[in-house]
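The values are calculated or read from the model by the stated rules, or taken from the named source; none is laboratory data. The model shown is predicted, which means the values in this text are computed figures rather than measured ones. Note that each Cβ is placed from the backbone with ideal geometry, even for glycine, and that neighbours are counted across all protein chains shown.
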Number of protein chains: 4
Amino acid sequence: MKKEAKKENIENAIHKIESLKLRPVPLVGTERTVIAIIGDERILPVNKIKAMPGVEKVMEVLKPYKLASKEGKKASKVRVGDVVIGGQEVIIIAGPCAVESEKQIVEIAKSVKKSGAKILRGGAYKPRTGPYDFQGLGEKGLKLLAKARDATGLKIVTEVIDPRDVELVSKYTDILQVGTRNMQNYPLLKEVGKTKMPVLLKRGMWANYKELLLAAEYIMAQGNREVILCERGVRTFETYTRNTLDINAVPSLKELTHLPVIVDPSHGTGKKSLVTPMSRAAVAAGADGLIIETHCDPENAIVDADQTIDLDEFAKLMKQLDAIAKVIGRKI
Amino acid sequence: MKKEAKKENIENAIHKIESLKLRPVPLVGTERTVIAIIGDERILPVNKIKAMPGVEKVMEVLKPYKLASKEGKKASKVRVGDVVIGGQEVIIIAGPCAVESEKQIVEIAKSVKKSGAKILRGGAYKPRTGPYDFQGLGEKGLKLLAKARDATGLKIVTEVIDPRDVELVSKYTDILQVGTRNMQNYPLLKEVGKTKMPVLLKRGMWANYKELLLAAEYIMAQGNREVILCERGVRTFETYTRNTLDINAVPSLKELTHLPVIVDPSHGTGKKSLVTPMSRAAVAAGADGLIIETHCDPENAIVDADQTIDLDEFAKLMKQLDAIAKVIGRKI
Amino acid sequence: MKKEAKKENIENAIHKIESLKLRPVPLVGTERTVIAIIGDERILPVNKIKAMPGVEKVMEVLKPYKLASKEGKKASKVRVGDVVIGGQEVIIIAGPCAVESEKQIVEIAKSVKKSGAKILRGGAYKPRTGPYDFQGLGEKGLKLLAKARDATGLKIVTEVIDPRDVELVSKYTDILQVGTRNMQNYPLLKEVGKTKMPVLLKRGMWANYKELLLAAEYIMAQGNREVILCERGVRTFETYTRNTLDINAVPSLKELTHLPVIVDPSHGTGKKSLVTPMSRAAVAAGADGLIIETHCDPENAIVDADQTIDLDEFAKLMKQLDAIAKVIGRKI
Amino acid sequence: MKKEAKKENIENAIHKIESLKLRPVPLVGTERTVIAIIGDERILPVNKIKAMPGVEKVMEVLKPYKLASKEGKKASKVRVGDVVIGGQEVIIIAGPCAVESEKQIVEIAKSVKKSGAKILRGGAYKPRTGPYDFQGLGEKGLKLLAKARDATGLKIVTEVIDPRDVELVSKYTDILQVGTRNMQNYPLLKEVGKTKMPVLLKRGMWANYKELLLAAEYIMAQGNREVILCERGVRTFETYTRNTLDINAVPSLKELTHLPVIVDPSHGTGKKSLVTPMSRAAVAAGADGLIIETHCDPENAIVDADQTIDLDEFAKLMKQLDAIAKVIGRKI
């Protein structure tokens, strides 16, 4: 309560709390009164209490996400066929930003598989900042991804950006990706939550850890518990990198949630030269996987040419990552 | 080009630019070579050029949004029946965060109309950060809004969050609102772009001015030029306010675009006590309108109780706003 | 306490709190135990408590700044001779970024006085981001400021950047300015706190309201209560403006402190074209004053040419500001 | 130039550039004219040019820091006696936030030395956000640090916060530390620049890479080239960590400068539990060293108890760091 709160304000707040079947405990201090509230605060209409006369602020103790919270739970594993994300193995996802042609996607798939990747990424529906930019091949792209899977045995992850496409995309892919711009696209979260497919949920470039976990909670509340979180860079004042890849998110999220956490160093930095050192950093910090943009011919990639590494650099990187993983009792 | 770029790198870059039907002009400086490019840079694949060996960076001169850009255009007016946004009059939109009941919405509508508001706001579909929060009345809410319109003659604005709902919502509302979380929800932008209805586009809480204008461009590129921009607070490190309402956006956007610009001081601050001073600031800075959360009983509002002002405070505010508008040759 | 905290952890925390002469009140909830602490929490070693086993977090109720806090105090007025900052009158400070010559500073002083400014600004010691930039005239600049004061009767404010210069600068100026980069330069804060002179304390471009008030507390704890706070823009991801001028700081700080609050629209935006609209916004939001960069020949100003308005624009602006001030019961 | 710039504006800009002994090259494009400027742009008064009529913006190609820039230079090594920072070895600096007593500092020094640290950290002058917090032991603390050096052979680094103390602190320490709050305290930078001592310069929590390098340039311009840069976390919207440790700074700064780059995971995260994973990440990303807060009794550390690890955890961490360093051809 505010320092200047009246007796009547305090009594009203207490009655309000009691009317919600919660237990108020007034604590009369030297400078002001604080009312502790015992019970499940998730049923507390925080904004309404805040709006009452004499109330200074409401401080929440419990986390507003229940299913995603770590409390009392073991680390989850998300299984994609025989690929396990969140186990001892660090899972590497690689592939081009956009699917361009059968030749391109199959060539890349074969090469990254050889280097040790377990999952192939590739965009068929591209969310682009500008309306005049290439928007992806659509279903044709999905079919090419499926061909690359057939040719290599790799699993597939691809982004869905429209709730109307979830059914179609689910037919082709192994993992549904929800991109950074859609982290709070609630109709889309609900739609992917209704499937039983693994979902790769990227952190909004503006979102704090709590909001990312609430987005996961949206999916989980629909019955789908197969959520993989992905750090992909946040917005700061720095302009040298496109985003600031927040490696702190890895150990922090591990403290807050039981869900697996992977990292995208390509979008997270927007700079090809930073992909290798930041990939190493992510694995050293304990990431359960990485998603890396790789291309057979980065200079001529249609999308994200400036953050995509070539297949040789990827192969070298994989060796370093495996050695680092071993230092902390894991492997690639 | 980089300082250490080789002659061959420079020649390759020049050939690449020529192959795109643009004109390269190499400028040999004391420390490095810069290649000026003449032509419409919007056709330039910036990322590909950046990825070429020897290239240090690509600096863009032209703006990537053409339809939304101010250059060579007069200020636009968006007409909603007889209400004109972007003209001499500063248009005030008011109403509750969420439509709760017929009694609530009609009572509020009558009151805000009497105080001088021209448009009624009210949410029927609510994007909520947590999955367990009230999600709005849906079509029932739309019908109640329509009743309030019938009772008062006010125009209506309400948010649409799912591309599948655009058709339905369009049947009831006068203006479609795209919320902050959906500023880069491209399927939704395209869907509202296909209607001929005025669109109130809120700035993403992470988006810079350029990205807001690119989002407007998405709508406009579909043939719908009736876009109203809305500043609603951005994310900073400050935690006293829920967001940092960026009043600078008003005169800045006025320099960059011909579209009208309004301000939302309720979501922009998240604090009831700041709504009045920040509303005055927005009008003084040249905003074409405001969208303010008002409620007959803010303490018991289901959503956003802590940022909603009551009808009396709204009435007093309107008088101050009118006086300020007159100082800069406008009126409420 | 953490959900998984042991009985022993809870008992240890309770003993620790008791040993500090504070009163612990354990609240046993459905999911976890919370220990309320009654007493002056400012003596609580928060970090030590946080570091104890089983402790999840420490939430603070009291504000860590006592002298600067509004609680129980009336709004303060800072008097500079017959000029009162924090009263009914909105005080306008104007002048060039840097003092360049006698002719320049006297001409500007005369003009801004005629337009209604009460205080003259001008830098003699310039904190510049680059070591090769003009660093100010030093004591010679102070003498020229004094001449301009003699010629006009305006009061003077100028920046001090080195604790060793406080004594010298105090001989010439009426108000000591502590700049944004020095908001947490504690030796400097202590040194200006030891004088009895009014201090204009600018918000650090990274600092939240609480940190600004703690910086004021540093000055006040030395015995000098004459502190004027100044919002001057914070750092965000937006690059169109040099900084994001945070108008919300005006009504927010007014809720938190009794100290007067002024606004610097010139550094706050870094853009000449935004100075007029943002000045109007600041006064409309309730600022107690403005500090505006004005120059007789902005294009040839040695420093900050791109954010400095000319004397004619300043004169016009003053008329608008006076009209806006009157709307809220104040005047220029 | 602006699209609407007049012929006369363009000619004036050209004359202005010529008058500065630079060479203007007008490029007439389809939509506007761009004037390329050839010569050392560091002499260009950018703000003045920006302020000219018809000028839209000035885009800089050269970097404003010359001594700190990597261009044409090899990686620098900073030698502190026989300890080399910036070489093959990754140098670990460890010790308490504040020097508390002889027993404390000597015990910690012996232990971290045994674990492989080469340099001892410890604060004698503490910049504290609140004026009522412990401000350090001052010269007494310096003497205790010197004792710890005598007892172990470790080198010493300690912070200096007042230009008046540089001479005194230099008598005792091996490296002078300039803290995050003082990154743009120019009198202090100049004073440490006048010594010949190695300087550990911490990034301002608001500063981008360019500004950090300009701060280094201030020191170097005084003749002192022995500068070590230190990433220590920046301010973002995330509140779970005290700061967001920006690991991207390591490979990014390595691209921009020849100076060594180290990382402070303790202040960078503000959370004891994140120190180990983020230390590993920093080394994996290529840091030349780390500075880690360690204490014999973290719970009872006077300062920063919540981000300080104990001596056992430090010893374990050192083994992991050595293994990771070897993966990239380095060692601890």
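Data overview
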item: Extreme residue, farthest from the other protein chains (Cβ to nearest Cβ), among residues of the stretch C:157-168 that are among the β-branched types (Val, Ile, Thr) and crowded, with 23+ Cβ neighbours inside 10 Å; result: C:VAL157
item: Any hit, the stretch B:268-285, residues being over 26 Å from C:ASN208 (Cα atoms) and touching a residue at least 24 places away in the same chain (Cβ under 8 Å); result: no
item: Positions within the stretch B:294-324 being of a type in the set (Gly, Ala, Ser), free of Cβ contacts under 8 Å to residues at least 24 places away in the same chain and away from chain C (no Cβ under 11 Å), in sequence order; result: B:ALA305
item: Selection count, the stretch C:234-293, where residues are among the hydrophobic types (A, V, I, L, M, F, W, C), facing chain B (nearest Cβ under 8 Å), more than 22 Å from D:VAL234 (Cα to Cα) and in contact with a Gly (Cβ under 7 Å, 6 or more places away or on another chain); result: 2
item: Among the residues listed as C:GLU313, C:GLU299, the single one being modelled with pLDDT of 95 or more and more than 22 Å from the chain's Cα centre (by Cα); result: C:GLU313
item: Qualifying residue in the stretch A:132-139 (condition: within 8 Å of another protein chain (Cβ to nearest Cβ) and among the aromatic types (Phe, Trp, Tyr)); result: yes
item: The stretch C:103-123 - residue that is of a type outside the set (Val, Ile, Thr) and crowded, with 24+ Cβ neighbours inside 10 Å and, of those, nearest to the other protein chains (Cβ to nearest Cβ); result: C:GLY123
item: Conditions (1) more than 11 Å from every other protein chain (Cβ to nearest Cβ); (2) crowded, with 20+ Cβ neighbours inside 10 Å: number failed by A:LYS74; result: (2)
item: Lone unmet requirement of (1) basic (Lys, Arg); (2) modelled with pLDDT of 95 or more; (3) not in a helix (DSSP H, G or I) for D:ARG128; result: (2)
item: First in the stretch C:31-59 and modelled with pLDDT under 75, second anywhere and aromatic (Phe, Trp, Tyr) and surrounded by fewer than 18 Cβ atoms within 10 Å (Cβ to Cβ), Cβ under 8 Å, 6 or more apart; result: C:ARG42/D:TYR132
item: Within the stretch D:72-115, tally of residues that are in contact with an Asp or Glu (Cβ under 6 Å, 6 or more places away or on another chain) and modelled with pLDDT under 95; result: 1
item: Some residue of the stretch A:4-17 being closer than 29 Å to A:LYS196 by Cβ and within 14 Å of chain B (Cβ to nearest Cβ); result: no
item: Filtered residue count, the stretch A:220-230, keeping only those that are crowded, with 24+ Cβ neighbours inside 10 Å and either of a type in the set (S, T, N, Q) or without any contact (Cβ under 8 Å) to a residue 40 or more places away in the chain (or both); result: 1
item: Evaluation of C:PRO24 against (1) over 18 Å from A:THR30 (Cβ atoms); (2) in contact with a helix residue (DSSP H, G or I) (Cβ under 6 Å, 6 or more places away or on another chain) (one fails), failing number; result: (1)
item: Filter result for the condition that a residue is charged (D, E, K, R) and buried (at least 24 other Cβ atoms within 10 Å of the Cβ), over B:ASP297, B:ASP288, B:ASP312; result: B:ASP288
item: Residues being among the hydroxyl-bearing types (Ser, Thr, Tyr) and more than 14 Å from chain B (Cβ to nearest Cβ) - total across the stretch A:18-58; result: 2
item: Contacts under 6 angstrom Cβ, first residue in the stretch C:165-177 being closer than 18 Å to C:VAL78 by Cβ, partner hydroxyl-bearing (Ser, Thr, Tyr) and part of a loop (DSSP other than H, G, I, E, B), 6 or more apart; result: C:SER170/C:THR195
item: Those residues of the stretch B:255-281 which are part of a loop (DSSP other than H, G, I, E, B) and within 24 Å of B:TYR65 (Cβ to Cβ), in sequence order; result: B:HIS258, B:LEU259, B:PRO260, B:ASP264
item: Index of the failed condition, B:PRO127 passing every other in (1) within 14 Å of chain A (Cβ to nearest Cβ); (2) more than 18 Å from the chain's Cα centre (by Cα); result: (2)
item: Count - residues of the stretch D:166-181 that are in contact with an Asp or Glu (Cβ under 9 Å, 6 or more places away or on another chain) and not β-branched (Val, Ile, Thr); result: 6
item: Every residue from the stretch B:194-218 that is in a helix (DSSP H, G or I), free of Cβ contacts under 8 Å to residues at least 40 places away in the same chain and buried (at least 24 other Cβ atoms within 10 Å of the Cβ); result: B:ALA215, B:TYR218
item: Any chance C:LYS63 is closer than 22 Å to A:GLU56 by Cβ, crowded, with 17+ Cβ neighbours inside 10 Å and within 14 Å of chain D (Cβ to nearest Cβ); result: yes
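Okay, residues lined up against (1) at positive phi; (2) acidic (Asp, Glu); (3) in contact (Cβ under 8 Å) with a residue 60 or more places away in the chain:
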| position | (1), (2), (3) |
| --- | --- |
| D:VAL84 | no, no, no |
| D:GLN88 | no, no, yes |
| D:CYS97 | no, no, yes |
| D:GLU102 | no, yes, no |
| D:VAL106 | no, no, no |
| D:LYS110 | no, no, no |
| D:LYS113 | no, no, no |
| D:LEU120 | no, no, no |
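Per-residue answers, yes or no, for (1) out of contact with any helix residue (DSSP H, G or I) (no Cβ under 7 Å at 6 or more places or on another chain); (2) aromatic (Phe, Trp, Tyr); (3) not in a helix (DSSP H, G or I):
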site	(1), (2), (3)
D:VAL283	no, no, no
D:ALA287	no, no, yes
D:THR294	no, no, yes
D:GLU299	no, no, no
D:VAL303	yes, no, yes
D:GLY329	yes, no, yes
